[in-house]
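Have a look at the structure below, then the notes.
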Amino acid sequence: MTKKLAIIGAGPAGLCLANTLIQHTDLDVQVFERDAHINAKPQGGSLDVHVEAQEALRAAGVYEQFALHARCGDQEDVILDKHASKHVHMRAESGYKNENENNNKNKPEIDRTALRHFLCDALPEGVIRWDTKVDKVEQATQGSPATIHFDGNKHSFDLVVGADGAWSKVRPLLHTIPPFYSGVSCYEGNLRDASVKQAQEDFSDVFCNGTTFILAETDGLMVIQKNSGDCYKVYVYKSKPEAWAREAGIEEPSALRAAMLDDIKDWSPKLHGVVRALNIDIFKRAMYMLPSGIMWESKPSITVVGDAASLQTPFAGQGVNLALIQAHKLAQSLVSHKENQLLAVQDYEKWMHDEANSKMTLTWTNLQMFMNKGAIAKLKQFVA
Ligand SMILES: Cc1cc2nc3c(=O)[nH]c(=O)nc-3n(C[C@H](O)[C@H](O)[C@H](O)COP(=O)(O)OP(=O)(O)OC[C@H]3O[C@@H](n4cnc5c(N)ncnc54)[C@H](O)[C@@H]3O)c2cc1C
């Protein structure tokens, strides 16, 4: 009998896993997604796709689509201080533009919306069950199939994979350690159309074909990131109490913009100008993470990928990359050990614990570096 596999979550991890399994196995794969449809919520900004994650997309059968959307020319990095003085400008080298170049500098940018669209489009009709929020996952005994509860129904599967992000419903079946607040929250805003043109004309030296990092050291971090269609995303990360992102009184765009300006009041007027130019869709969010080094005993019918497994802040740009690579590794392990599901899960999780541990440690180290004194000097040293 064909084995039945449920993936909870149609984010990068779940969709990459579903595509890879459909390409390489005869498993009966279903993806459960709470979003009502593909465009139900904004997917966030651009991300650089590392070489190993590109391999994962190749195994998922979507590399051609990836190459169509990848922006190889948008890989510049600029580092400024809060007075908008430039310390580093790394231009995309010609090597970056060669999609076949297998080096660590080959990290083209892609918009997350495009990534979700081509990963969804590649799946056969009906694999994704939109508008289906999973309420609970349970397992009677260690060896029994896992059961998911949704919309008043319950279905059992040979394997349930939690690809359901930060607040996973699947993870608590593997361990009971919850995500914790990282101490850092952010404002997120957009520059589109006329506002981009005006801001670029007025403050050209803070924009680049890639990402500008404005390091205020103990005062926070601003990131100005090019997205497709000549749009930019602007993030301001600050150390804030956990409740800040939920505090009443600063939900309105004008109040958020005023709070943002107040938080960077002694920064360069050019950076105030960028915030004033933002479109009205500004919002705030708190950054959560899991501690690195979590271990658990593998179970044959339950595992996790992506943020459900290794939630981290964006300070090393690893989240989506790790999500895609984990999906690839899990699919490979299920193919290699198709007669022994426990071994497949064990092999994947053994690799995953080590890999996640090193990426989560790097991310935490970067957060500390970006938000503290000496960040510019350390980054210059790193670049050199
Ligand atoms: C501000 C910010 C910037 C970032 N920048 C980068 C970057 O530059 N590079 C990078 O690599 N990473 C970045 N990340 C991290 C990245 O967004 C995540 O690591 C990545 O999205 C994880 O993918 P995922 O598929 O595991 O989870 P998600 O993208 O969270 O997807 C989970 C899916 O599961 C669905 N779901 C959740 N619960 C249920 C349920 N009960 N039932 C059904 N469906 C459910 C959700 O609707 C969602 O579609 C950033 C994150 C943030 C917050």
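The values are calculated or read from the model by the stated rules, or taken from the named source; none is laboratory data. Computed from a predicted model, the values in this text were never measured in an experiment. Glycine also receives a Cβ, built like all others from the backbone with ideal geometry; neighbour counts cover every protein chain displayed. Calculation scope for accessible area: heavy atoms of the full protein, side chains included, ligands and nucleic acids excluded. Shrake-Rupley method; radii C 1.70, N 1.55, O 1.52, S 1.80 Å.
Quick notes on this structure:
- Condition check for Ala10: at pLDDT 95 or above, in a loop (DSSP other than H, G, I, E, B) and in contact with a strand residue (DSSP E or B) (Cβ under 7 Å, 6 or more places away or on another chain): yes
- Filter pass, Ala309 being of a type in the set (Gly, Ala, Ser) and within 11 Å of the ligand (Cβ to nearest atom): yes
- Positions within region 28-39 being under 25 Å from Lys233 (Cα atoms) and open to solvent by less than 50 Å² (accessible area, probe 1.4 Å), in sequence order: Asp35, Ile38
- Residue selection: Ser168 fails the criterion of being more than 18 Å from Leu80 (Cβ to Cβ), modelled with pLDDT of 95 or more and touching a Lys or Arg at 6+ places or on another chain (Cβ under 7 Å).
- Qualifying residue in region 286-298 (condition: of a type in the set (Phe, Trp, Tyr) and more than 22 Å from the chain's Cα centre (by Cα)): yes
- Of the residues making up region 60-84, those that are in contact (Cβ under 8 Å) with a residue 60 or more places away in the chain, open to solvent by 20 Å² or more (accessible area, probe 1.4 Å) and over 29 Å from Pro269 (Cβ atoms) are Gly61, His69, Arg71, Gly73.
- Test: Lys197 is of a type in the set (D, E, K, R) and either part of a loop (DSSP other than H, G, I, E, B) or in contact with a Gly (Cβ under 7 Å, 6 or more places away or on another chain) (or both): no
- Top-ranked residue in region 254-278 [being open to solvent by less than 40 Å² (accessible area, probe 1.4 Å) and either more than 20 Å from His83 (Cα to Cα) or part of a loop (DSSP other than H, G, I, E, B) (or both); ranked as farthest from the ligand (Cβ to nearest atom)]: Ser268
- Qualifying residue in region 72-93 (condition: at pLDDT 95 or above, part of a helix (DSSP H, G or I) and polar (S, T, N, Q)): no
- Candidate set from region 279-303 (those that are open to solvent by 30 Å² or more (accessible area, probe 1.4 Å) and farther than 30 Å from Lys197 by Cα); member that is farthest from the ligand (Cβ to nearest atom): Glu297
- Those residues of region 6-64 which are away from the ligand (no atom under 12 Å from the Cβ) and of a type in the set (Lys, Arg), in sequence order: Arg58
- Helices (runs of 4 or more DSSP H) contained entirely in region 290-384, each with at least 2 residues that are hydroxyl-bearing (Ser, Thr, Tyr): 319-336, 341-370
- Residues in region 361-384 that are touching a residue at least 40 places away in the same chain (Cβ under 8 Å), over 27 Å from Pro179 (Cβ atoms) and open to solvent by 60 Å² or more (accessible area, probe 1.4 Å): Lys373, Lys380.
- Any pair with Cβ under 8 angstrom, 6 or more apart, that starts in region 164-184 at a residue that is farther than 26 Å from Gln368 by Cβ and ends at one that is open to solvent by 30 Å² or more (accessible area, probe 1.4 Å) and more than 12 Å from the ligand (Cβ to nearest atom): Leu173/Glu138; Leu173/Gln139; Leu173/Lys299; Leu174/Trp296; Leu174/Lys299
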